[in-house]
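Chemist: Pasting a structure here, questions to come.
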Amino acid sequence: MSADAAAKAKAKAEPSPDTVTVKDSASGKAFDLPLHHGTLGPSVIDIRKLYTDTGMFTYDPAFMSTASCESKITYIDGEQGILLYRGYPIEELAEKSTFLEVAYLLLNGELPKPAELSDFTTKITRHTMLHEQLARLYQGFRRDAHPMAVMVGVVGAMSAFYSDETHGQDPEQRIGAAHRIIAKVPTIAAMAYKYSIGQPFVYPRNDLTFAENFLHMMFSVPAEEYRVNPLLARAIDDIFILHADHEQNASTSTVRLAGSSGANPFACIAAGIACLWGPAHGGANEAVINMLKEIGDKSRIPEFIKRAKDKDDPFRLMGFGHRVYKNFDPRAAVLRRHAHDVLHELGIEHEPLLELALELERIALEDPYFVERRLYPNVDFYSGIILRAMGFPPSLFTVIFAVARTVGWCAQWVEMISDPSQKIGRPRQLYTGSPKRPYVPLARR
Ligand code: SDX
């Protein structure tokens with residue numbers, strides 16, 4: 001045997017560390033699938049040619065084992081409870097950074113130099129006002145409309161006002177659209193709140209920081225001067241940082257899929273807001289408060305723990321469990337500490353809901369059902385307690401989540417749309433419906 005043939009035979013015998021072999025037991029055929037290795041985390045099996053090679057699809061309805069894209073933005077290790085934004089640990093960013101600096105980092109990949117941060121801050125600040133005709137859109141909603149319904153409608157309507165950025169094919173247009181969306185979503189959110197309580201809209205102020213401006217637009221009234229509490233500004237800025245991005249979660253995947261068709265960025269972000277609203281996702285923070293209010297007293301915790309374990313009862317312990325984190329959600333750990341600090345600063349450290357939440361967490365984390373399934377408190381478990389103490393109504397909690405996640409959605413959209421190999425996302429299916437059959441006329445049915 002020639003040396004070349006021997007080398008090929010040896011390579012065949014010792015599978016390459018960069019392939020996985022799939023064998024079809026029916027035909028006996030074997031298929032080598034390429035393996036790709038990331039900087040961190042699981043390697044991936046490249047199945048892009050699987051259908052053409054085998055005539056078969058993979059099957060993963062909730063994407064439990066599927067990587068939908070390559071990304072450099074956020075890394076999560078669910079086993080270790082690690083969350084990195086462009087490589088920086090979330091705990092350090094929450095302690096040392098600001099939301100706008102984190103927004104720059106997520107969008108651009110590096111922490112900004114002073115001049116870059118100043119320029120970025122000016123760009124965002126200068127886009128915080130809303131077109132006056134967009135403001136009129138609010139009049140079409142009932143006053144008791146859920147603010148998330150208003151957010152979906154008004155953010156989507158932005159695509160009717162900024163046609164110069166509706167395609168995103170041009171790098172300048174892309175980043176311009178991202179800046180506009182990041183800047184205006186807080187204004188839209190605050191206006192949704194003001195509209196729901198019948199108070200006049202408050203215009204943004206360019207002399208305030210992003211967090212201060214949000215509190216100003218939310219809580220100031222024309223009748224008196226409003227002073228931003230620096231502790232609350234710091235707390236909301238941290239909450240924005242903690243919620244800014246989270247890899248390929250349901251709403252981010254929605255934004256990417258919508259964007260893959262070339263839909264304009266405003267419509268894509270509106271689709272992300274719609275998906276985030278669900279109680280299994282970003283709507284959980286509002287559901288946690290409603291659950292704690294329903295439990296009402298520590299004595300009733302066992303009753304609700306029992307319900308959460310009952311397969312015949314749709315009730316789940318809101319704010320517990322996570323598709324990726326099988327350990328403490330690192331964001332929940334930061335928020336848990338913040339909850340104490342904020343409530344203490346506000347002089348309500350004996351907030352009954354916080355004490356109820358801590359007791360619920362203690363009991364759940366000792367219960368074999370939760371321990372065996374590695375169900376820990378997630379980001380939504382504590383955020384609502386802090387937001388409620390700060391004066392936000394529960395209906396605003398997911399809106400605040402959306403304000404923060406808009407940065408992550410924009411960063412992920414820019415990354416996706418900038419990829420020259422980007423194609424429209426179009427999953428297939430396992431068809432279990434009726435085989436072909438002839439039409440039956442009405443008279444013969
Ligand atoms: C967010 O993906 C992200 O990154 C999301 C997010 C982000 O930043 O974008 O982190 C934000 O959405 C946080 C999650 C907020 N949702 C909630 O708090 C709602 C309550 N949690 C559950 O609905 C649930 O835990 C999910 C939806 C979060 C995760 O569900 P999975 O991964 O599909 O897990 P599963 O439903 O398969 O549960 C596994 C088992 C099941 O029991 P068995 O069938 O094995 O017996 O755990 C049970 C579930 O019944 N279970 C729960 C539970 N969560 C899971 N049982 C009681 N209470 C719960 N909360």
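The values are calculated or read from the model by the stated rules, or taken from the named source; none is laboratory data. Only a predicted model underlies this, so the values are computations on that prediction, with no experimental measurement involved. Cβ atoms come from the backbone with ideal geometry, glycine included; neighbour counts cover every protein chain shown. When the accessible area is computed, the model is the full protein with side chains, heavy atoms only, and any ligands, DNA or RNA have been set aside. Shrake-Rupley method; radii C 1.70, N 1.55, O 1.52, S 1.80 Å.
Chemist: For the chain, what is the accessible area per residue in Å², given a 1.4 Å probe and the full set of protein chains?
Modeler: 52
Chemist: Within 10 Å of each candidate Cβ there may be at most 13 other Cβ atoms; applying that plus a DSSP loop requirement, which trypsin sites (Lys or Arg not before Pro) in the range 80-156 survive?
Modeler: Sites meeting the loop and neighbour criteria: R126, R142, R143.
Chemist: Among the lysines in the range 283-376, how many pairs, 8 or more places apart or on different chains, have alpha carbons under 18 Å apart?
Modeler: Lysine pair count for the range 283-376: 4.
Chemist: Using only alpha carbon pairs under 8 Å that are at least six residues apart, calculate the relative contact order of the range 327-445 and give it in whole percent.
Modeler: Dividing the mean separation by the residue count of the range 327-445 yields 28 percent.
Chemist: Now a separate question. Non-local amide H neighbours of T19 (under 5 Å, H modeled in plane, Pro and chain starts lacking H): which ones?
Modeler: Amide H neighbours of T19: L35.
Chemist: Here is a further query. Skipping prolines and chain starts, which residues have an amide H placed within reach, meaning under 5 Å, of the one on T74, given they are 5 or more residues away or on another chain?
Modeler: Those lying under 5 Å, H to H, from T74 are R86, E247.
Chemist: Using only the alpha carbons, work out the radius of gyration and Dmax of the chain in angstrom.
Modeler: Both quantities, over Cα of the chain: 24.8, 93 Å.
Chemist: Excluding same-chain residues fewer than 8 positions from K49, which lysines have a Cα within less than 17 Å of its Cα?
Modeler: Counting by Cα, and skipping residues close in sequence, K49 has these lysines nearby: K23, K29, K423.
Chemist: Which whole-Hz ³J(HN,Hα) couplings does the range 407-422 yield from phi under the Karplus relation 6.51 cos²θ - 1.76 cosθ + 1.60, θ = phi - 60°, glycine and proline marked x?
Modeler: Computed from phi, the couplings for the range 407-422 are 5, x, 4, 5, 4, 5, 5, 4, 4, 5, 6, 7, 6, x, 8, 4 Hz.
Chemist: For a quick check of your reading of the filter: which chymotrypsin sites (Phe, Trp or Tyr not before Pro) in the range 70-169 sit in a DSSP loop and have no more than 16 other Cβ atoms within 10 Å?
Modeler: Here the sparse-neighbourhood loop sites are F161.
Chemist: Could you tell me the accessible area of H246 in Å² (1.4 Å probe, neighbours in place), rounded to the nearest ten?
Modeler: Rounded to the nearest 10, that gives 10 Å².
Chemist: Compute the convex hull volume of the Cα atoms of the range 108-147, divide it by the residue count, and report the result per residue in Å³ as a whole number.
Modeler: 112
Chemist: Can you tell me, using C-alpha contacts under 8 Å and at least 6 residues apart, the relative contact order of the range 281-371 as a whole percent?
Modeler: Value for the range 281-371: 32 percent.
Chemist: Just want to confirm a number: the relative contact order over the chain, from Cα pairs under 8 angstrom separated by 6+ residues, in percent.
Modeler: That works out to 19 percent.
Chemist: Provide the per-residue ³J(HN,Hα) series for the range 310-323, in order, calculated from phi with Karplus coefficients 6.51, -1.76, 1.60 and θ = phi - 60°, each as a whole number of Hz, with x at glycine and proline positions.
Modeler: With coefficients 6.51, -1.76 and 1.60, one gets 7, 5, 8, 10, x, 5, 10, 6, 5, x, 10, x, 6, 4 Hz.
Chemist: Still on this structure, please answer the following. Filter the trypsin sites (Lys or Arg not before Pro) in the range 18-64 to those in DSSP coil with at most 11 other Cβ atoms within 10 Å of their Cβ, and list the result.
Modeler: Answer in residue order: K29, R48, K49.
Chemist: For the range 112-127, take each phi angle, set θ = phi - 60°, evaluate the Karplus expression 6.51 cos²θ - 1.76 cosθ + 1.60, and give the result in whole Hz per residue in order, putting x for glycine and proline.
Modeler: Rounded to whole hertz, the list is x, 6, x, 5, 5, 5, 5, 5, 5, 4, 5, 4, 5, 4, 6, 10.
Chemist: Using a ≥ b ≥ c from the Cα gyration tensor of the range 156-303 (square roots of the eigenvalues), is it rounded, prolate or oblate, where a/c under 1.5 gives rounded and otherwise the larger of a/b and b/c decides, a/b for prolate?
Modeler: Judged from the Cα gyration tensor, the range 156-303 comes out oblate (a/c at least 1.5, b/c at or above a/b).
Chemist: Rank these residues by their accessible area, most exposed first, probe 1.4 Å: V150, V20.
Modeler: V20, V150
Chemist: Something else: Quick one: if the Förster radius is 41 Å, what FRET efficiency do K311 and D18 give, using the C-beta to C-beta distance and rounding to 0.05?
Modeler: 0.45
Chemist: Among T52, T39, T74, what's the order by accessible area (1.4 angstrom probe), most exposed first?
Modeler: The residues order as T39, T52, T74, largest area first.
Chemist: What shape does the range 51-147 have by the C-alpha gyration tensor, where a ≥ b ≥ c are the square roots of the eigenvalues, rounded means a/c under 1.5, and otherwise prolate means a/b greater than b/c and oblate the rest?
Modeler: oblate
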